[in-house]
Amino acid sequence: MRVIKGITTTDTILSNSNILENEHPVWVASGSYTVGNRRIYNHKIYEALINHSGITSTPDTDKTRWLYISSTNRYRMFDNVISEYSSNTGTITFTLNPSQVVDSIVLLNVVAVSVRVVMTDPLEGIVYDNTVQLAGYGSISDYYTYFFASLGDNKTVAAFLNMPQRPAATITVTVDAGTGVAQVGEVAYGLQKEIGRTTYGTSIGIKSYSRKEVDEFGNVTVVKRKNSKFAEYEIDIDNYMLAEVQRFFADIDSVPSVFVGNPTMEELVVFGFYSDFRATISFPTVSKCTLRVEGLI
Amino acid sequence: MPYPIVTQLADVPARATNTANFSNEATKFLDSLIPYRDDYNAFLAYINTNQINHLNFGTLVDVNPNRPTTVLSDVVGGTGLTYILSVEGFYNKLRNASFEYALIGNWFDAVRSSQGVLPYVDPACPIIPLLPEPHTRFQAKAAFNTSAVNFTNAAKASLSGLSNAVTYLNTACFGNDDYGAVTDATITVTLDCGLLTESVTA
């Protein structure tokens, strides 16, 4: 069981991206705006609610005049909302310059053929280069199967959990969709911590925010909304690690993190917050623990 | 008579990135190969049979000397094609090429209108091979694969041939013909090439 405490992405960290940030003009203090105008401020898109000019308060604080719409396409994969994705035709390529140790990076809600991560150290050069294939192409071997074989279950999570620790390294990620449109819901990266061993008894699920109302005549009204994953991990933790793990969970309280129950099982990878951690010292050397994680939408 | 119009191919199905619509798009794409092949062969027959008279030294001032830039020679295909991305890449190049036939046809007709046609087959002009029957969704697996490989091989050869033919015509019609240095100050011999009414055997 590994947990990756997320790092907030800033302009300094995101040193390069092939996704332009030009959906709308940039907000300018004291500018003139009419209802419906959209402007970009601090990588977020806002829409004017009333005509105004000469105002210096920024859109993120001026809720009377501005309505938040979403993050820009470039930053949507760093905004902690998995269901809203960054997209680009062909490939999405970006470079992170964290200036701290990062040994793990996980991409979620990905639509692509493959994801490649390259870590480059300023002194050593390329120290890591790995590609994860997402598309279920195992059965495609000729033209006939290409056109008629059942559509494979494409993975949507690409996890890179074995990167070397190089505090000065840059990390370049390439999401390749071939001739299609590449999409990435969220990118989470940081230093992983192994806290124990995931055991059988772990459960997963989906929490739906949709509303289904049934009136007195049996008619159903459905308001479709988003949903999120949740997981309840059963973990064995060595007793000598308990104090350290407890301090770690205190540290990541309310910090979006990636919880990896098993890197080969996409369903056990959840990006969100933990809501409950409980350890029962069951044996002389091992404790039985339960960790409940609520995923982000 | 202007060049025959070529029906454009349907959208290329994307197995990895458009899973929800792949089956529908695959059906439409396969079905569009049939009219595309018939139109394309008619287009090639028109090019092949109208041999431009590059020996007509008339003026070409109204014709754009820049032949259409094509992606034809860049088509990837044939045996050894790796699947998924290479297949999608090939079909996308084929589809993109289908947008260029109108440019080539217009340029060809402009040159033809200016130069006229030869009464014989120009031995130096590449003859462009036609396309075979394409693979269809009504074929069984073995026949489908055989047709697909044959069609891909032929498409690559045909599109390369079309590119070569256009290049040849461009060079033959617009290239400078250098008959060597004129060493005599006075031209004493008049060359009468006569009427080219008889067929010439190369």
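Label-to-label distance, A:THR12 versus A:SER32, with points set 7 angstrom from Cα along the beta-carbon direction: 3.9 nm. Between the amide H of A:GLN192 and those of A:ASP103, A:SER104, distances stay under 5 Å, these residues lying 5 or more places away or on another chain, with hydrogens modeled in the peptide plane.
Stretching the chain fully between A:VAL222 and A:LEU49 yields a gain of 59.4 nm (0.36 nm per residue, less the alpha carbon separation).
Legend: ranking of residues A:THR221, A:THR172 from fewest to most surrounding C-beta atoms inside 10 Å; resulting order A:THR221, A:THR172.
Amide H contacts under 5 Å for B:GLN51: B:LEU118, restricted to partners 5 or more places along the chain or on a different chain, H placed in the peptide plane at 1.01 Å from N. The Cα-based radius of gyration of region A:141-213, divided by its Kirkwood radius, gives an Rg/Rh of 1.06.
Each Lys and Arg contributes +1 and each Asp and Glu -1, all at the Cβ; summed about the Cα centre of region A:37-108, the dipole is approximately 240 debye. Scanning residues 5 or more positions from A:GLY180 or on other chains, those with amide H under 5 Å from its amide H are A:GLY90, with H placed 1.01 Å from N in the peptide plane. In chain A, helices alone account for a calculated mean residue ellipticity at 222 nm of -1500 deg cm²/dmol, with every DSSP H run of four or more residues adding -39,500 (n - 2.57). Which of rounded, prolate or oblate describes chain A when judged by the alpha-carbon gyration tensor and an a/c cut-off of 1.5? Rounded, since a/c falls under 1.5. If a/c stays under 1.5 just call it rounded; otherwise compare a/b with b/c (prolate if a/b is bigger, oblate if not). Do that for the protein assembly as shown, with a ≥ b ≥ c from the square roots of the Cα gyration tensor eigenvalues. Verdict is prolate for the protein assembly as shown. Per-residue 3J(HN,Hα) values for region A:7-24, derived from phi via the Karplus relation 6.51 cos²θ - 1.76 cosθ + 1.60 with θ = phi - 60°, read 10, 6, 7, 10, 4, 5, 6, 7, 7, 7, 7, 8, 9, 6, 10, 9, 4, 9 Hz in sequence order (x marks Gly and Pro).
Any of A:LYS155/A:LYS207; A:LYS155/A:LYS226; A:LYS155/A:LYS288 with alpha carbons more than 24 Å apart? Name them for me.
In this structure, A:LYS155/A:LYS288 lie more than 24 Å apart at Cα.
Of the residues A:PHE78, B:PHE29, B:PHE138, the one with the fewest other Cβ atoms within 10 Å heads the list, and the complete ranking is B:PHE138, B:PHE29, A:PHE78.
Taking label positions 7 Å along the Cα-Cβ direction at both A:SER70 and B:LEU103, the computed distance is 3.4 nm, reported to one decimal. Contact order, relative form, for chain A: 20 percent (alpha carbon pairs under 8 Å, 6 or more residues apart, mean separation divided by residue count).
Straight-distance candidates among the aspartates and glutamates for linking to B:LYS141, with alpha-carbon spacing under 17 Å and chain neighbours fewer than 8 residues away dropped: A:ASP142, B:ASP31, B:GLU133.
Any read-out appearing in this document is the output of simple, stated calculations on the displayed coordinates, not a laboratory observation. Bear in mind the structure is a predicted one, so any value in this text is a computation, not a measurement. Don't worry about glycine lacking a Cβ; one is built from the backbone with ideal geometry, like all the others, and counts go over all protein chains shown.
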